[in-house]
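Each remark here refers to the structure printed beneath this line.
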Amino acid sequence: MPNEVLVVGKFFPSVMNDLQQHFSVVHCENADALAEMSNDQLANIEGFATFGWAPASVIDRMPNLKLISSFGVGYDGVDADHAAAKGVIVTHTPDVLNDDVANTTIMLLLATMRHMVEQDRYLRDGRWEKEGNAPLTRSIAGKVVGIVGLGRIGEAIAHKLSVFNCTTVYHSRNQKPQVDYKYYGDLVEMAKDCDVLIAITPGGPATNKLINRAVMEALGPEGTLINVARGTVVDEAEMVSALQDGRLGYAGLDVFEKEPHVPDALKTMDNVVLTPHVASATWETRQAMSDLVVKNLTAYFGDGAAVSPVPECADLA
Ligand code: NAP
Ligand code: 8YV
């Protein structure tokens, strides 16, 4: 009998085809549809493919669950500690998205500093013809860019920044002996020295509102905040008022506290560039992430070894 795998959400057709070749697949559209399923229907589920969503209450509904294969590198929506305590392995999709997420970060950084969206609007609104040249913007060259979270993606961003003639520094809980960038153990101290802060840590309780009022005020009226991590990493209400009052200069944001809701105030600001959580959203990268979701399931149920377990489950994999 093939193992039963539950798929929640709309994966690429290739994922569904690949999974159907190896498993007995139970598909449901979303959390509401899953809530409608009976415990009997979930009794024999052993694998679970999900878009970064697996709270403890859902894990507990599957008594035979062995592996959660989560799409995305961030898994703050998966209760990995709870899963690990029950002997359930959680996997995610690291590395294959580093390049595109880092590219989006650079794009957002330059778009924010050079007012790309505002300039586009200036031209389309006929202001170039009526009012003449658009206002000048700010260069990245010579600036100090602080990366908050120099992990897989943070390092890819730092590498790409090296051609822009800016200085890269970083903050994380642990210093990385293998890199030459200046390390700051104190985020406020780093923000004081920076023109730009780029947030690229995981979400979850450990980073909740890590970028708070003190950090934003240290970055200051000419400072630029780029958030490609999770909305929860920045105190969003404080950020909105700091941008409104001019205590923080500019922001480029791909992620928000209550997605897909974005505070209306942000949408009216010319000093802000907004994208709808699309840092990894290319066909190529999303295919690679999809393939890894499948590979974790087939490898685990094939030879018992998951390919990319999260650290909480490393001992189980
Ligand atoms: P990673 O390799 O695990 O790197 C995470 C980095 O954050 C590490 O350097 C870690 O260093 C640091 N960090 C963790 N907790 C911290 C804390 N409390 N304070 C300060 N630094 C902390 O992860 P990754 O693959 O680079 O991915 C990072 C995150 O990017 C993901 O978890 C996800 O939230 C986000 N992401 C967003 C998108 C998007 O579409 N916008 C796409 C992909 C990823 P220490 O452990 O030494 O502190
Ligand atoms: C995902 C992301 O595509 O990998 C992550 O952590 O934020 C994105 O790349 C997104 O989570 C969709 O599930």
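Odds and ends about this structure:
- R286 falls short on exactly one of the conditions (1) over 17 Å from the mean Cα position of the chain (by Cα); (2) modelled with pLDDT of 95 or more, and that condition is (1).
- Cβ-Cβ distances below 9 Å connect the following pairs, each with a first residue in the range 274-294 that is free of Cβ contacts under 8 Å to residues at least 40 places away in the same chain, a second residue that is basic (K, R), and a separation of six or more residues or different chains: L274/K267.
- The number of residues in the range 91-124 being open to solvent by 90 Å² or more (accessible area, probe 1.4 Å), more than 16 Å from ligand 2 (Cβ to nearest atom) and free of Cβ contacts under 8 Å to residues at least 12 places away in the same chain comes to 3.
- First in the range 31-48 and under 16 Å from Y300 (Cβ atoms), second anywhere and in a helix (DSSP H, G or I) and open to solvent by 30 Å² or more (accessible area, probe 1.4 Å), Cβ under 9 Å, 6 or more apart: E46/F301; G47/Y300; G47/F301
- Verdict on A242 being assigned by TED's automatic domain parsing to the domain that holds Q119, more than 30 Å from E46 (Cα to Cα) and in contact with a helix residue (DSSP H, G or I) (Cβ under 7 Å, 6 or more places away or on another chain): yes
- Which numbered condition V88 misses (of (1) within 12 Å of ligand 1 (Cβ to nearest atom); (2) aliphatic (A, V, I, L, M); (3) not assigned by TED's automatic domain parsing to the domain that holds P202): (1)
- Selection count, the range 69-85, where residues are open to solvent by 10 Å² or more (accessible area, probe 1.4 Å), more than 16 Å from ligand 1 (Cβ to nearest atom) and either at positive phi or in contact with a strand residue (DSSP E or B) (Cβ under 8 Å, 6 or more places away or on another chain) (or both): 1
- Restricting attention to the range 134-166, the residues being open to solvent by less than 60 Å² (accessible area, probe 1.4 Å) and within 16 Å of ligand 1 (Cβ to nearest atom) number 14.
- From the options E36, E46, E29, residue that is modelled with pLDDT of 95 or more and within 16 Å of ligand 2 (Cβ to nearest atom): E29
- Some residue of the range 279-290 being touching a Phe, Trp or Tyr at 6+ places or on another chain (Cβ under 9 Å) and farther than 30 Å from S70 by Cα: no
- Residues in the range 295-306 that are surrounded by 15 or more Cβ atoms within 10 Å (Cβ to Cβ) and touching a residue at least 12 places away in the same chain (Cβ under 8 Å): 7 in all.
- In the range 281-292, the qualifying residues are those that are in a helix (DSSP H, G or I) and either away from ligand 1 (no atom under 15 Å from the Cβ) or of a type outside the set (A, V, I, L, M) (or both), and the one that is surrounded by the fewest Cβ atoms within 10 Å (Cβ to Cβ) is W283.
- I226 meets each of the listed conditions (1) more than 24 Å from V96 (Cβ to Cβ); (2) within 24 Å of the chain's Cα centre (by Cα) apart from (1).
The values are calculated or read from the model by the stated rules, or taken from the named source; none is laboratory data. Source: prediction; values computed, not measured. Cβ coordinates were reconstructed from backbone atoms using ideal geometry, including for glycine residues, and neighbour counts include every protein chain displayed. Quick note on the areas: whole protein, heavy atoms, side chains included, nothing else; ligands and nucleic acids left out. Shrake-Rupley method; radii C 1.70, N 1.55, O 1.52, S 1.80 Å.
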